[in-house]
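Q: The structure follows.
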Amino acid sequence: MAAEDIIAELRAAAPVIEPSLLAADFARLEQEIRRLEAGGAQILHLDIMDGHFVPNISFGFPVIEAIRRTTRLPLDVHLMISEPGRYLERFREAGADMITIHVEAVDDPRPLLGEIGRLGGVAGLTLNPPTPVEAVEPYLDDCDFVLIMSVAAGFGGQEFEMQAIDRLRHLRRVGGNDLLLSVDGGLNDQTIGLCAEAGADMFVTGTALFANHDYRRAMEDFRSLALAHKNIQV
Ligand code: DX5
Ligand code: ZN
């Protein structure tokens, strides 16, 4: 799907609950994806960790390619890797529709965000909790969305860090209503409403979603929580 169409669909569908496959059963990945599709998932979040930028290793190109062959859903690839610029084309070829880079991983994100766009992808920029939110502000016009990390990148199942709320609120204020805002880490029925209230459009959920047997129900419940809090002005 073209980048503009993906963005338009996400905007129209917001709030969007975005499953993070990191918490899926990798021995049954195809079945997991089918269950997510049947449950109404509109996008899949893929966490790529290199053991260098973050102290954990997840999966790489062959797995992304296998997922690409399995589904037509947009693949949102979150790069937790050093030197992401070396691999952007390769990730696009493997099937990434959306590529998010960490502001901490590069000297200047602007050329890389531009390259993701030239490659026909949706460009995301993200930052870890200790990084000042001002680090992404100069690039709001260069990316299609900003991802607020509400845990330190590297592991699923961590506890939500409340400072993400202030960051979402701040970026919603400075970026205006058109800025697409995503949040990732520690999201569950306690924290999704807070993030929605603070301005998030997309909610990446791993542990809390896959802990359920009924993915449809869990995604619907999470989305209802987000919707219920969406219009509260803060
Ligand atoms: C953390 C990843 C997240 C992770 C979220 O480094 O970026 O996408 O999968 O998982 P939970 O919901 O378990 O915090
Ligand atoms: Zn992620």
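Bear in mind that the values in this text are calculations on the coordinates, not laboratory data. Keep in mind that what you see is a predicted model, and the values were worked out from it rather than measured. No Cβ is skipped: glycine too gets one built from the backbone with ideal geometry, and neighbour counts run over all protein chains shown.
Q: Convex hull over the alpha-carbon atoms of the chain: what's its volume per residue in Å³? Let's see the in-between values first.
A: Numbers: hull volume 25.4 nm³, N = 234.
Hull volume normalised by residue count: 109 Å³.
Q: Work out how much length ALA2 to LEU29 would gain on full extension: take 0.36 nm times their residue separation and subtract the Cα-Cα distance, in nm to one decimal.
A: Numbers: separation 27, 0.36 × 27 = 9.72 nm, distance 2.54 nm.
Contour length minus Cα-Cα distance gives 7.2 nm.
Q: Hey, another quick one. How big is D, in µm² s⁻¹, for the range 148-234 by Stokes-Einstein at 4 °C and 1.567 mPa s if Rh is the Kirkwood radius over C-alpha pairs? Please list the in-between numbers first.
A: On the way: Rh = 13.0 Å.
Answer from the Stokes-Einstein relation: 100 µm²/s.
Q: Turning to a different aspect of this structure: I'd like the Karplus ³J(HN,Hα) series for the range 142-152: coefficients 6.51, -1.76, 1.60, θ = phi - 60°, whole numbers in Hz, and an x wherever there's a Gly or Pro.
A: My calculation for the range 142-152 gives 9, 10, 8, 7, 10, 10, 8, 7, 9, 9, 5 Hz in order.
Q: Please report the projected area of the range 41-80's Cα convex hull averaged over all directions, in nm².
A: Working: hull surface 11.1 nm².
Mean shadow area of the hull around the Cα atoms is 2.8 nm².
Q: Along Cα→Cβ, 7 Å out, is where each label goes; now give me the distance between the ones at GLU134 and ALA152 in nm to one decimal.
A: It is 2.4 nm.
Q: With each run of n ≥ 4 DSSP H residues scored as -39500 (n - 2.57), what mean residue ellipticity at 222 nm is computed for the chain after dividing by its residue count and rounding to the nearest 500 deg cm²/dmol? Spell out each step's value before the answer.
A: Numbers: 9 runs with 87 residues, N = 234.
Value at 222 nm, helices only, nearest 500: -11000 deg cm²/dmol.
Q: With a Förster radius of 30 Å, plug the Cβ-Cβ distance of ARG118 and ILE57 into 1/(1 + (r/R0)^6) and report the FRET value to the nearest 0.05. Walk me through the intermediate numbers first.
A: Numbers: r = 29 Å, r/R0 = 0.96.
Approximately 0.55, to the nearest 0.05.
Q: What is the list of residues in the range 28-66 whose amide nitrogen lies under 15 Å from a point 7 angstrom out from the Cα of ARG86, following Cα to Cβ?
A: Only 49-54, 61 fall inside the zone, counting backbone N under 15 Å.
Q: So what J values fall out for the range 17-24 if you push phi through Karplus, 6.51 cos²θ - 1.76 cosθ + 1.60 with θ = phi - 60°, rounded to Hz, Gly and Pro as x?
A: Ordered by residue, 3J(HN,Hα) equals 8, 10, x, 9, 5, 3, 9, 7 Hz.
Q: Between the range 163-234 and the range 14-60, what is the separation of their alpha carbon centroids in Å?
A: Using only Cα atoms, the two centres lie 17 Å from each other.
Q: Let me ask something additional. Taking only C-alpha pairs under 8 Å that are 6+ residues apart, what is the relative contact order of the chain in percent?
A: Values: 450 pairs, mean separation 48.1, N = 234.
It rounds to 21 percent for the chain.
Q: Considering amide H positions built from the backbone, and no H for Pro or chain starts, which residues 5 or more places from VAL77, or on another chain, come under 5 Å of its amide H?
A: Counting only residues 5 or more places away or on other chains, the set is LEU46, ASP97, MET98, ILE99, THR100.
Q: Here's something else I'd like to know. Between ASP141 and MET162, what is the FRET efficiency for a Förster distance of 25 Å, r being their Cβ-Cβ separation, to the nearest 0.05? Spell out each step's value before the answer.
A: Values: r = 28 Å, r/R0 = 1.14.
The computed FRET efficiency comes out at 0.30.
Q: Please work out the FRET efficiency for the pair ARG11 and ALA228, using the Cβ-Cβ distance as r and a Förster radius of 22 Å; give the result to the nearest 0.05. Spell out each step's value before the answer.
A: Numbers: r = 19 Å, r/R0 = 0.89.
Using R0 = 22 Å, I get an efficiency of 0.65.
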